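The values are calculated or read from the model by the stated rules, or taken from the named source; none is laboratory data. Predicted, not measured: the structure shown is a model, and the values here were computed from it. Heads up, the Cβs are rebuilt from the backbone with ideal geometry, glycines too, and the neighbour counts pull from every protein chain shown.
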Amino acid sequence: MTATLNPPEAEPTQKPASRKGDRVFAGLARGAGVTIMLALAAVFIFLFIEGFNGLSAEESTYRPATDFLGYIGPLILSTVLAAVIALVVAVPFAIGIALFISHYAPRSIATPVAYVIDLLAAVPSVVFGLWGGRYLAELLQPAHVWLSDKLGFLPFFGEPPSPNGRSLFTAGIVLAIMILPIITAISREVFAQTPRLHEEAALALGATRWEMVRYAVFPYARSGVVSSIMLGLGRALGETMAVAMVLATSPAATLNVIGTAAPATIASNIALNYKEATPSRQSLLIATGLVLFAVTFLINFAARWIVGRSERKQARS
């Protein structure tokens, strides 16, 4: 006679009891996230309510333009050009400095260099504006002439160059110096977090130091570097006084970044005109702030989407 043995019943899985500290921390983290979202929503609602009338005001409000699109168009163009110049100049230097500090320089040199770069972030923007308008502009004036002579066939460097160097190009260089410490600091920390095992494995396979950085450090740090660039871009898009003190403004839209005058950026235009503006003009300026808010949000959203898509492709491969 055979006996049938019933398998033991599986014990119900129990979730580990959460500690009070974990619950408190989870609540604080959730509350912080909700607070940030509420703050962003509050800013958007304020800008929309206060600036709604500026979207369709009387024609005289938009002078020298005739409507809102004609008014905001040159400001957006100038804002984007200044930010692009800043990123083109700052990003290679920032990543190079971050790599030098994290993977190449001895500690005795890396630590002082990191301190100096971090101190740049503490310099007020008005100091950068004074330095850029009074010294850097004059120093860069020969570069304006050279760009006009050699690359004048491009619309960005057409004639005539600025005689005093106060141009959108100079403003972009000042912005590049201002965003350099932000990108460098975050990139340095992300590079330093690369798993040591990955780096040693690459070197053990015969990779050179640069190949190790290229195939082990950069893929691991991609999302962090993009985040640092987006933070720097946000600073460049929203900077006011430094640009206002360097740039000689003009209402005419132009792609020429070395010319005598260019449209103000959105942020500097608000800073220069808000105090003396009439109520209808103030509403218009707030509406331009709403556009800047939307542009910054869309750029950051697109960057995070691109990074996420790249990471998902890497995970599937």
Tell me, please, whether a residue that is part of a loop (DSSP other than H, G, I, E, B), surrounded by 10 or more Cβ atoms within 10 Å (Cβ to Cβ) and polar (S, T, N, Q) can be found in the stretch 69-85. no
State whether the residues of the stretch 175-188 include one that is out of contact with any strand residue (DSSP E or B) (no Cβ under 8 Å at 6 or more places or on another chain), surrounded by 15 or more Cβ atoms within 10 Å (Cβ to Cβ) and farther than 27 Å from V243 by Cα. yes
Could you grab the pairs with beta carbons closer than 9 Å, sequence gap of 6+ or different chains, first residue in the stretch 85-110 and within 16 Å of V213 (Cβ to Cβ), second one part of a loop (DSSP other than H, G, I, E, B)? S102/T194; H103/T194
What are the residue pairs meeting all of these: first residue in the stretch 7-35, first residue of a type in the set (S, T, Y), second residue at pLDDT 85 or above and not in a loop (DSSP other than H, G, I, E, B), Cβ atoms under 9 Å, and 6 or more apart or on different chains? S18/A26
Here is a list of conditions, (1) crowded, with 19+ Cβ neighbours inside 10 Å; (2) free of Cβ contacts under 8 Å to residues at least 60 places away in the same chain, and V243 meets all of them except one; can you say which number that is? (2)
Going through the stretch 152-165 in order, the residues found to be part of a loop (DSSP other than H, G, I, E, B) and either in contact with a Cys (Cβ under 8 Å, 6 or more places away or on another chain) or crowded, with 17+ Cβ neighbours inside 10 Å (or both) are G158, P161, S162, G165
Any residue at all in the stretch 278-293 that's in a helix (DSSP H, G or I), touching a Ser or Thr at 6+ places or on another chain (Cβ under 6 Å) and either aliphatic (A, V, I, L, M) or over 29 Å from F46 (Cα atoms) (or both)? yes
Flagged pairs (Cβ under 7 angstrom, 6 or more apart or on separate chains; first in the stretch 187-216, closer than 28 Å to A90 by Cα; second in a loop (DSSP other than H, G, I, E, B)) are Y215/A207; A216/T194
Subset of the stretch 35-62 (residues that are at pLDDT below 85, closer than 16 Å to P279 by Cβ and either among the acidic types (D, E) or assigned to a loop (DSSP other than H, G, I, E, B) (or both)): A57, E58
Scanning the stretch 249-271 for residues that are buried (at least 18 other Cβ atoms within 10 Å of the Cβ) and not β-branched (V, I, T), which turns out nearest to the chain's Cα centre (by Cα)? A267
The residue that is surrounded by the most Cβ atoms within 10 Å (Cβ to Cβ), considering only those in the stretch 120-133 that are within 18 Å of A185 (Cα to Cα) and free of Cβ contacts under 8 Å to residues at least 60 places away in the same chain, is V123
Apart from one, (1) within 18 Å of T79 (Cα to Cα); (2) at pLDDT 85 or above; (3) of a type in the set (S, T, N, Q) all hold for N300; the odd one out is (2)
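Please specify each residue of the stretch 108-151 satisfying the condition of being among the small types (G, A, S) and either in a helix (DSSP H, G or I) or at pLDDT 90 or above (or both).
Pass one, the stretch 108-151, residues among the small types (G, A, S): 108, 110, 114, 121-122, 125, 129, 132-133, 137, 143, 148.
Those that are among the small types (G, A, S) and either in a helix (DSSP H, G or I) or at pLDDT 90 or above (or both): S108, A110, A114, S125, G129, G132, G133, A137, A143, S148.
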Only one of (1) more than 24 Å from R235 (Cα to Cα); (2) at pLDDT 85 or above does not apply to I95, and that is (1)
